[in-house]
Amino acid sequence: MDPHAGTGRVVLPTNVRPTHYDLTLSPDLVNFTFHGHVLINLDVNQPTTAITLNSNQLTIVSAKLTNLALKTESSQEATDITLDKTNETATLTFADELQPGSTAVLHIVFKGILNESMNGFYRSSFKDNDGKTHYIATTQFEATDARKAFPCWDEPAIKATFDITLRVPSDLVALSNMNVISEKDIRHSGKKGDSTKGPDGEPSTQKGDVPSTQKGDVPSSQKGDVPSTQKGDVPSTQKGDVPSTQKGDVPSTQKGDVPSTQKGDVPSTQKGDVPSTQKGDAVSGYTGSRKEVKFATTPVMSTYLVAFIVGKFEYIETVTKNLPQPITCRVYVLPGKTEEAEFALSVTPLALEYFTELFGVAYPLPKMDLITIPDFESGAMENWGLVTYRAIRLLFNEKTSDLSYKRHIAYTICHEIAHQWFGNLVTMDWWDYLWLNEGFATWVGNLAVSKFFPEWDNWSYFIADGFQMGLALDGLRSSHPIEVPCKHPHEIHQIFDAISYYKGASCIRMLSSWLGLDVFLAGIRRYIKKHAYKNTSTEDLWAALSEESGVDVGLFMNAWIKQVGYPVVDVEENADASALTFKQSRYLSSGDLTAEEDTARWTIPLGIEPENSDSKQNRPLLKEDSLVVNLGKSGHYKVNSGYNGFFRTAYPATALTRISQSIKAKDPLFTPGDRVGLLADLGALSKSGHVKTSSLLELLESFEEEDQYVVWVAIAERVNVISSVFYQQPEDFQKALEKFQRALFSKAAAKLGWESKATDDYRSTLLRKLLLTNAGCAGDEAMVKEAQKRFASYIGGDAKALNQNLQSAAFEIVVLHGEDSDFESVLKCWRDATATDQKLAAIGALTTVRNPALVKQLLEISVSDEVKAQDIGYFFGGLSRNPTSRHDLWEYIKANWDMLNKRYEGSMALLGNIVKSGVGRFSSEEMAKDCEKFFEGKNVDDISRPIAQSLEVVRSNAKWVARDAEDVRQWLVTKGYLV
Ligand SMILES: [Zn+2]
């Protein structure tokens, strides 16, 4: 049966199906081209004379078909090769018809360009200590870019095995999914002028040579000479209220990267033929000698998981100790960086061992390589056996790195290694089910981190971070269901977002809690065993879990997966609060749900605690409009315990007063995760008008004695969002808010101080950084003075004045409250920094600057040769969070749209984030109109979701300000902050 029937998906014909690829590629790192040939074994399903497969930005030099139906082989050249640029396919026509039931081998010779767009087979670069630029050829195929590296059936359900051979300069490392099985030197065997030989002496064409139909398939230039892209936006603990989009794999709540690349010295892209000899040793010291590296045959797998990388790398390695078949684990880094790979190398075998046990199936490959790529669009990519990372997601130096990155690194590694089973071994049928991969890997990655590092209280961070990103995006009308129909490639990249990752993970978490973790994991083992090496849809997962648990999982989950949005649960109490009435309706952050829209209902596990004997036996599920639950005793309760449920809880005022008292009294009923979730719920409900913003401010006051870092993250987030959204209120209002911030943060900040202590752990170290930053930025004089003093010593050469965990705090305070010269000093710190986290600390600080001339300077730097294209989001995100530069940023984007559009046209996730930064933090209808008008008539199909979502956020913000500005002002007056 055709799984695509009736879906409208753009898919390949099923007349033939590939079973095996034998792929040989020769990248040219001087001229940035590659050529290759591939032998593809085909099963013939229908009589046909035409074969259509995916090919994008490749030149097909020749295609030949060898039919194995008869005892004697018969070969025929393609009589016609037709390219379809819109659908990214090539159709090869043959004179003799292929017969069903037969097999054939298709031999294609092709060539392409090592582009700068961070997708397909692309080039990346770095500078060594002597300033010499070195190039890397690497791949990023998910979702639909394997077709830029070799002609193939580029759909996740068309799995095959792969033999990969790379012909590369002898002094470089060549890697692929599998282990190396042979490596030999190769010579330039072609005689001078022998046009039938490629640079490595392999046949590059069949004699007849290039059919004229193909000219022009290779793009005339790859987006200028600037590597495109950046990615990611808002750091997870900060301000912003715009959910960030992610593409590729792990969403980047962190950012950053490595040494900047030279653009000026990149030879322009070759359009013509591949040169027949190597040249240009001057660029990177290549000797000209080459080697052929062959890799073992892969298991049956999808094309989007194939990977190959060529470049100068060093590695450290270890071997798993607790698996029957030991797996070799290596972390590959740029030369000189192996010390920073040690933490990643310590986590990798733990993860392999843990997931082997958890999934009940051995890891099917003999090795697991992790590698940093200097130019990388997303956070990481789970290529089977060869996972690629942005440096900030993999490298950590215990002596010098900012501790805040460590948890993200551990999580990213666990997420990617979980994919080796969930995604790679069992793969989604089609992109509609992307959430299966990403939602599950996000959940189980967090589960692994919680197991390896229990002292981090990882799930509370999830409640503060990913869970909120999912809820924020899904609180918009322009959100989409977790399971979303994808027909065309340009729709696919737009769903690598907080819905697929975080709503998906949150719904998995809710389900695992409902079924019980042990039962849930037994169901997962059942699913993995049944579908190994195959493809699945959401229903296959529900079936396995239902069989295991005896619960109709589909019935429980369908509304969460197939409907857009989520509920707000209103709680009403009877007179003595011994009986509660729960009502559900859809939550919209704009607060203007219409009666016609209020039709969706969810099956909601209410998670009431403490459980009484009654509610324990029948854990209450709210399925209809409303439900009454008797507590058995009055008053003391909470809803959505542990924030396992994907919904908001609207407590009545009487309950909020009681909860506020409980928090002040440090009542253990409210765990750190509960306190985080409570603050976030009240923040969202203030925005939507379910409660007055003053009730959120009132609740914040009860956290004076809070001692948990993760709760302070949530406190800071709430205050920063209010000051960000109400940024156009009069100055006295702004000053009063700052005064309130000082009242919240200063006492706790002073208590911790600037000096680290021998007893410091993960949480206290990060808490110090957070409190000092917030107190100092709110204008606490003592904090500002101390920051300035320490900064002066630091730039004077006393490195001890600011340890690695306090640099970002001091930099930010100094720029925000200092002179232009302080900006220049931090700019110099940025230029001098070699470590990624130090660079990010400086960028975060620089973007808080208020002087418009310096904002302009920063904008120019952000698109200059000094900044890798992948890193623009750190600049734009920061300038967007800064209310004084927000409008300048938008004007800059408008004035430079053509340039930005061109620079990022191959990296739509990054362009989407540029739009979110540019638009998504305004708070007036006037600005919404201005943005809308700007995009009118422009071709923005590829970023239609980010635009619609940003505009909706702006309009929600505008409504919030109109509704509650006076309420907040009155509260500030009542409390004496505003006189
Ligand atoms: Zn993933």
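Throughout, read-outs are computed from the coordinates displayed, never taken from laboratory work. Predicted, not measured: the structure shown is a model, and the values here were computed from it. Here the Cβ is made from the backbone with ideal geometry for all residues, glycine too, and neighbour counts use every protein chain on show.
General observations
- Farthest toward positive dipole pole in the chain [+1 Lys/Arg, -1 Asp/Glu at C-beta], among Thr298, Ser26, Tyr533: Ser26
- Rounded FRET efficiency, nearest 0.05, which uses the C-beta distance separating Asp43 from Asp798 and R0 of 60 Å: 0.30
- Between the residues Phe359, His4, Cys486, the greatest Cα displacement towards the positive end of the dipole of the chain, with unit charges on the Cβ of Lys, Arg, Asp and Glu, is found for Phe359.
- Placing R0 at 60 angstrom, the Cβ-Cβ distance between Asp832 and Ala962 gives a FRET efficiency of 0.80 after rounding to 0.05.
- Calculated mean residue ellipticity, 222 nm, the chain: -11500 deg cm²/dmol, from DSSP H runs (n ≥ 4) at -39500 (n - 2.57) each, averaged per residue and rounded to 500.
- Measuring spread by the Cα atoms of segment 632-776 yields a radius of gyration and Dmax of 15.9, 51 Å.
- Each peptide in 814-821, 839-846, 367-374, 330-337 gets a packing score, the mean of other Cβ atoms within 10 Å over its residues, and the list from highest to lowest is 839-846, 367-374, 330-337, 814-821.
- Computed on the chain, with alpha-carbon pairs under 8 angstrom and 6+ residues apart, the relative contact order is 12 percent.
- When peptides 872-880, 97-105, 112-120 are ranked by their average number of other Cβ atoms within 10 Å per residue, the highest-first order is 872-880, 112-120, 97-105.
- Gain upon complete extension [Glu357, Lys933; 0.36 nm per residue less C-alpha separation]: 201.9 nm
- Helix 517-531 and the longest principal axis of the C-alpha atoms of the chain enclose an angle of approximately 20°.
- Restricting segment 51-147 to trypsin sites (Lys or Arg not before Pro) that sit in a DSSP loop and have at most 16 other Cβ atoms within 10 Å of their own Cβ leaves Lys71, Lys85, Lys132.
- Overall, the chain carries a charge dipole of about 820 debye about its Cα centre when +1 sits on the Cβ of Lys and Arg and -1 on the Cβ of Asp and Glu, all other atoms neutral.
- Were the residues from Ser478 through Asn851 laid out at 0.36 nm apart, the gain over their Cα-Cα distance would be 130.7 nm.
- Its Cα centre serving as origin, segment 904-979 has a Cβ charge dipole (Lys and Arg +1, Asp and Glu -1) of approximately 280 debye.
- Within segment 692-735: backbone nitrogen closer than 20 Å to the Val979 label point (7 Å, Cα to C-beta): 730-735
- Residues Tyr643, Tyr533, Tyr587, Tyr727, sorted so that the one with the fewest Cβ neighbours within 10 Å comes first: Tyr533, Tyr727, Tyr587, Tyr643
- Judged by the mean number of other Cβ atoms found within 10 Å, the most tightly packed of the peptides 930-939, 679-688, 46-55 leads the ranking 679-688, 46-55, 930-939.
- Overall dimensions of the chain as given by Cα atoms, namely Rg and Dmax in Å: 28.6, 96
- Take every pair of alpha-carbon atoms less than 8 Å apart whose residues are at least six positions apart; their mean separation over the length of segment 729-846 yields a relative contact order of 21 percent.
- For Val173, residues with placed amide H under 5 Å, excluding near neighbours: Gly311, Lys312, Phe313
- Residues of segment 323-340 falling in the label zone of Glu314, defined by backbone nitrogen less than 11 Å from a point 7 Å along Cα to beta-carbon, are 333-340.
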